[in-house]
Amino acid sequence: MRVTAVTCVKNEGPFILEWIAFNRIIGVTDFIFYSNDCSDGTDLLLDRLAGHGIVRHLPNPAQGRNYQMEALADAQRQPLVQRADWVWIADVDEFLNIHAGAGAIADLIAACGDPQAISVTFQFMANGDVEAFEDHPVIGQFLRSHNPEIWTDQTAQEVKTLVRRDFPLRYYGAHRPFFGARLAPDRRPVWTDGSGRRVPEKFLLAENKRRIRKFPAQGARDFATLNHYALRSLESYLVKNDRGDVNRENRSFDTSYWCDRNDDSHHDDTILRHLPRLEAEMARLAGLEGVGALHDLCVARHRETLARLLADPAYRALRADLLAAPKIPPVELAALRALG
């Protein structure tokens with residue numbers, strides 16, 4: 001079974017090897033990376049990995065500000081996507097935590113009954129009071145999150161989607177595929193959530209524009225969860241803020257983004273069963289000629305960027321604000337304050 005992962009990156013160098021290694025051990029066979037405006041060595045590392053046949057690395061083709069959607073339009077024409085049995089579109093801070101079987105993509109597909117699409121619900125992994133950036137696997141450092149079925153005040157949560165070759169595709173979205181509005185009911189795809197249940201009809205048909213990439217999370221994670229490490233360490237979050245959003249131009253990350261995603265009331269270490277194999281695969285990749293040295297370069301530049309930022313009073317103030325920020329979601333905190 002061929003599974004192609006497609007992602008967009010900008011200055012994600014220290015985290016590239018882990019994401020590739022993790023996806024390889026769960027069953028991804030091919031990778032397409034689109035990069036833009038990298039200054040930390042991400043593009044150099046990807047070029048070296050491409051030279052070893054591990055990934056395909058392409059410059060982001062975006063002419064406007066929507067880097068991800070323009071890249072996905074290009075990916076739809078790429079042979080690695082067209083030949084794939086399944087396509088997985090995700091970001092480098094998103095890890096498919098499969099609970100079924102041995103934790104492989106094939107196990108998830110079988111548990112869901114081999115549908116044409118599987119949408120897996122996000123779970124935002126909190127910072128967990130980790131201040132310093134460490135060059136160790138992210139999945140081993142961050143083990144706390146919000147209540148999996150409620151994020152801030154939302155019971156509907158975003159998803160990312162595995163898409164089978166025979167899906168009646170019109171185009172790929174970042175969170176889900178789309179089919180034509182005029183597609184006959186008997187040709188609509190078989191599409192499940194991460195528990196093998198059919199996705200809600202309005203989500204399937206993209207009828208509600210506010211819900212085209214989310215649906216209720218309750219009971220949706222029996223076979224898989226999408227662990228989203230949007231914050232990582234506080235130091236890496238500052239670097240992320242400096243980088244900006246890889247998917248859209250002129251979007252920054254701030255205290256509100258942090259507070260929304262730093263609810264650490266729930267402990268979840270289920271992904272750790274992959275850690276030994278992950279570390280072995282990371283070591284194997286790092287041992288390829290030139291790869292380990294370029295990974296180290298990305299790590300060094302990550303730290304250099306942090307030092308530059310902390311020389312700026314505005315970033316020192318942001319750091320202080322993040323350290324002082326409450327872990328209670330803002331909507332809950334507002335309700336508590338209203339109670340006096």
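Worth pointing out:
- Structure-derived Rg and Dmax of the Cα atoms in Å - corresponding label in [x] 23.4, 70; [y] 19.6, 62; [z] 22.4, 69: [y]
- In the chain, the DSSP-assigned H stretches of four residues or longer account for a calculated mean residue ellipticity at 222 nm of -10000 deg cm²/dmol, using -39500 (n - 2.57) per stretch and the full residue count as denominator.
- Separation of the range 9-35 from the range 179-251 is 19 Å, based on Cα centroids.
- Mean Kyte hydropathy of -0.5 or more with a Cα span along the axis of at least 20 Å, helices from DSSP in the chain: 13-26, 291-310
- For the listed peptides 223-233, 109-119, a ranking on the average number of other beta carbons within 10 Å per residue, highest first, reads 223-233, 109-119.
- Bridge orientation summary for the range 3-338: considering DSSP beta bridges with both residues in this region, about 55 percent are antiparallel.
- Added length on full extension, which subtracts the Cα-Cα distance from 0.36 nm per residue, Ala184 to Thr152: 7.8 nm
- Alpha-carbon centroid distance for the pair the range 267-292 / the range 47-96, whole angstrom: 22 Å
- Extension gain (nm, one decimal) between Arg316 and Gln63, 0.36 nm per residue minus Cα-Cα: 87.6 nm
- Annotation note: trypsin sites (Lys or Arg not before Pro) in the range 78-170 located in DSSP loop regions with a Cβ neighbour count of at most 12 within 10 Å are Arg83.
- Stretch gain in nm, segment Lys209-Leu339, where the contour uses 0.36 nm per residue and the Cα spacing is subtracted: 43.4 nm
- Within the straight-line cut-off of under 24 Å between alpha carbons, the lysines reachable from Lys209 are Lys160, sequence neighbours fewer than 8 places apart in one chain being disregarded.
Every number in this text was worked out from the coordinates using simple rules, so none of it is lab data. Every value quoted in this text rests on a predicted model; they were computed, and no experiment measured them. Note that we place each Cβ from the backbone using ideal geometry, even for glycine, and neighbour counts take in every protein chain shown.
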